[in-house]
Amino acid sequence: MMVKRRTFPLLIASALAVMVYFIFTLPRSQPGNHQHLYPHHISDQSITLVNDTKHFMVGAYKEHRLEGSSVRIISIFRRDSVQPLYCVFYCGSHWANGMKAEVQMHSDHFGFHFVTTDVLCPNLPDCNPSHVTLATQADAKLAQNQTFLRIQNLVKREEEEFKFNFTVCASGHPDSGDVQADVFLIENHIFPKSQFEPSGRFERPRWLDVPGINIMEHIYREEPDYRIYHPSKMIVRPRLESTTPPR
C-alpha cells in the first residue's frame, strides 16, 4: 500500500515535467502567423481557378523589371465580373495577409468574354514569398486552404546568362474554339496550296523525297487594303518590356 502511495505522486510529477517540456520547447505562433506552416494545395495545372470568382491564374513570376511590384500573375479574367482581389503570400516561414492586387486587363479581347490579364502584387517588407494566390478577402487565414501557385523566376538573371534569343508571333482567330481547326485555317490561309511563289526558287530537287507539302512553294504576299485599319504586332525584346500601349 505504501508503494502505491509513493508511486502516485511520482506519476503526477512525471506528467507535469512532460507538460512543461512541451510548453517551453514547441515553437510558438508569431503575430500574424496562422496554424498551417505550408500551403495545403499547390497547383500542378496549367490553369487554376480563383476561388469564388470567374477568373483563372496561369502562372506567377517574380517581377524584376518594375520597382515596387514583387510578383506578376498571368491570368485569364472574365471581363464582366471584375471584383477587388488580394494577393496572399506564403513567405517561406510565415503567412502575410493579403495586399490589394492591381488588375491590368489587356485591351485586345477579340469580343470574347475572357481576356488575358496581368495581376501585379505589391512588394511586402519582411517577406520573401515562394507561393502566392489570389483571394477575395485579405485574411491569410481564410485563404490558406485555397490553391497556391509556385512563384517562378525568383532569382534575377543577367542578360548575358540567356543562351538563346527567340520570338513567337501568333495571331488570334476568334471564330473558332477548336485548336485543330485553327491549325488547318492557318495552314491554308498563310500557305494556300492554290497559290505559288512565282520565281520557283524553292522547287529544289533535294526536297522532292521529303514527305508532305513544300510550304515554301506556296508563300504568297498580298498587298493590304490601306483604306481600313489592320491590327498589327510589334516584335520587341520581352525582357525589356512589361506592357504595350493600347491601340
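Taken together, the values in this text are just the output of simple stated rules run on the coordinates, not laboratory data. Computed from a predicted model, the values in this text were never measured in an experiment. Glycine also receives a Cβ, built like all others from the backbone with ideal geometry; neighbour counts cover every protein chain displayed.
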task: Grab the beta carbon distance between I47 and K100, set R0 = 35 Å, and tell me the FRET efficiency rounded to 0.05.
output: 0.90
Within segment 73-149, chymotrypsin sites (Phe, Trp or Tyr not before Pro) in DSSP loop having at most 12 other beta-carbon neighbours inside 10 Å: F110
Note, ³J(HN,Hα) from phi for segment 134-139, Karplus 6.51, -1.76, 1.60, rounded to Hz, x at Gly and Pro: 9, 9, 7, 10, 7, 6
- request: For V115 paired with D209, estimate the spin-label separation in nm (one decimal), with each label point 7 Å from Cα along the Cα-to-Cβ line.
  value: 5.5
message: Just to confirm the filter: which GluC sites (Glu not before Pro) across segment 47-138 are DSSP coil and have at most 15 other Cβ within 10 angstrom of their Cβ?
response: E67
query: Taking 0.36 nm per residue of separation and subtracting the Cα-Cα distance, what length does fully extending L154 through Y226 add?
result: 21.4 nm
